[in-house]
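Before any comments, here is the structure.
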Amino acid sequence: MWGKKRMGLCLCLTCPDWVSVTLGVFVCQGCSLIHRSIESLSQVKSVLQDTFEDKEVEFITSMGNEAAKAKYEQLAPPFYHRPSHTDCRILREQWIRAKYERQEFIHIEKQEPYSAGYREGFLWKRGRDNGQFLSRKFILSERERALKYFNKHDAREPKAIMRIETLNATFQPAKIGNPCGLQITYLRDNSTRNIFVYHEDSKEMVDWFTAIRAARFHYQKVAFPGANDEDLVPRLTRNFMKEGFMEKTGPRHTEGFKKRWFTMDDRRLMYFKDPLDAYARGEVFIGSKENRYTVVAGLPPSIQGYHWKYGITIGTPDRKFLFACETEAEQKDWIAAFQRVVNRPMMPQEYAVEAYFKHKP
């Protein structure tokens, strides 16, 4: 009935089968549930099953997703994350609320909570040793190029200073056990440090996430003055390529295999005793096939001591790393993730990271 009005315009699907008759936009089923949960904002109908009044058809025909995008996203900053169907619910919900309910991308002054270059507030942070979440003050300053947190509300000196250039943030609701759970990582002495935070208010948490992306964006604009926005946006924050449990053995391949939690963050493969550990037990750099890095299924025939039978061998110029997965599906998923990295040529700055791993104290 509406033809091109609904083709290829949803964040999630190429042909969404739901429509907001109050906004005049077509959405997928997942987004329709969020629209329906905001009763004051949107009335949603099924394109295939519901009936429409003449005035609804007329409005939808006059609007459509392209016209709505031009209206409601006209001042959307490049650093604001535009979610897809793979993103967690609060990112999708806050994008919908920001765009239609609060109209943040029509009125630029409403973007101040995450675009001012400075943000201060309290987040619940997981303790490194005791695992308890306690309220901690955080300050993000673009001028100082740092995110800091303080153990006491009146403390003058921060407990940690996280440099903007190595900062990353990714939502991890299932891992942290909170729908607003955010994992922040940064490099400390060239090793990855994890902190886990949340806030009870989803808008507050997404504003922190967006403020981090804004600070990263403005840092990148200075660091790479010739780059355009399309090149910089993918560098602002990143989700991990893959996470999960595998077994591993030591460098001599004579120790028994131990179960560890693994995180693949670009070319850094890290392993932890517990998924919420602050520091990795170890990190492995995975380079490219041009530099003699390989990934193959299986383990050398002489290896013993593993319980999970689906092995993976990663070859580097210096040694082999041996892992075992519980299922064949997990083995295939890990190999596919490793292969994507190995097949990608190394960038100049990655050679410096590789050199550090080779000469790690």
> Looking at the range 225-312, which trypsin sites (Lys or Arg not before Pro) are in a loop (DSSP not H, G, I, E or B) and have at most 16 other Cβ atoms within 10 Å?
Replying inline: Arg238, Arg252, Lys273, Arg281, Arg292, Lys309
> So which aspartates and glutamates pass the test for Lys110, namely a Cα distance under 20 Å, with those fewer than 8 places away in the same chain ruled out?
Replying inline: Glu73, Glu93, Glu101, Glu120, Glu142, Asp201, Glu204, Asp207
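For Arg252 and Tyr118, calculate 0.36 nm times their separation in residues minus their Cα-Cα distance, and state this gained length in nm to one decimal. Provide the component values of the computation, followed by the final result.
On the way: separation 134, 0.36 × 134 = 48.24 nm, distance 4.91 nm.
Full extension from Arg252 to Tyr118 adds 43.3 nm.
Express in nm, to one decimal, how much length is gained between Ser191 and Lys289 on full extension, taking 0.36 nm for each residue of separation and deducting their alpha carbon distance.
Details: separation 98, 0.36 × 98 = 35.28 nm, distance 2.41 nm.
Full-extension gain reported as 32.9 nm.
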> Gap in Å between the Cα centre of the range 308-345 and the Cα centre of the range 67-86?
Replying inline: 37 Å
> Which value in nm describes the separation of the simple spin-label points at Glu73 and Glu326, placed 7 Å from the Cα toward the beta carbon?
Replying inline: 3.9 nm
> Carbon-plus-sulfur fraction of the accessible area of the range 21-138, 1.4 Å probe, in percent?
Replying inline: 48 percent
> Count of lysine pairs in the range 171-260 with Cα atoms under 22 Å apart, counting only pairs 8 or more residues apart in sequence or on different chains?
Replying inline: 9
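Pairs of Cα atoms under 8 Å, at least six residues apart: use those to get the relative contact order of the range 107-243, whole percent. Walk me through the numbers before you get to the answer.
Details: 220 pairs, mean separation 28.4, N = 137.
Reported as a whole number, the value is 21 percent.
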>> Can you give me the distance in nm between label points at Leu134 and Glu200, each placed 7 Å from the Cα along the Cα-to-Cβ direction?
In response: 2.0 nm
>> More than 29 angstrom separation, counting every C-alpha pair in the range 4-156; what % is that?
In response: 34 percent
>> Which GluC sites (Glu not before Pro) in the range 94-144 sit in a loop by DSSP (not H, G, I, E or B) and have at most 16 other Cβ atoms within 10 Å of their own Cβ?
In response: Glu144
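The values are calculated or read from the model by the stated rules, or taken from the named source; none is laboratory data. What you see is a predicted model; the values in this text were computed from it and never measured. Here the Cβ is made from the backbone with ideal geometry for all residues, glycine too, and neighbour counts use every protein chain on show. Note: areas computed on protein heavy atoms with side chains; ligands, DNA, RNA excluded. Shrake-Rupley method; radii C 1.70, N 1.55, O 1.52, S 1.80 Å.
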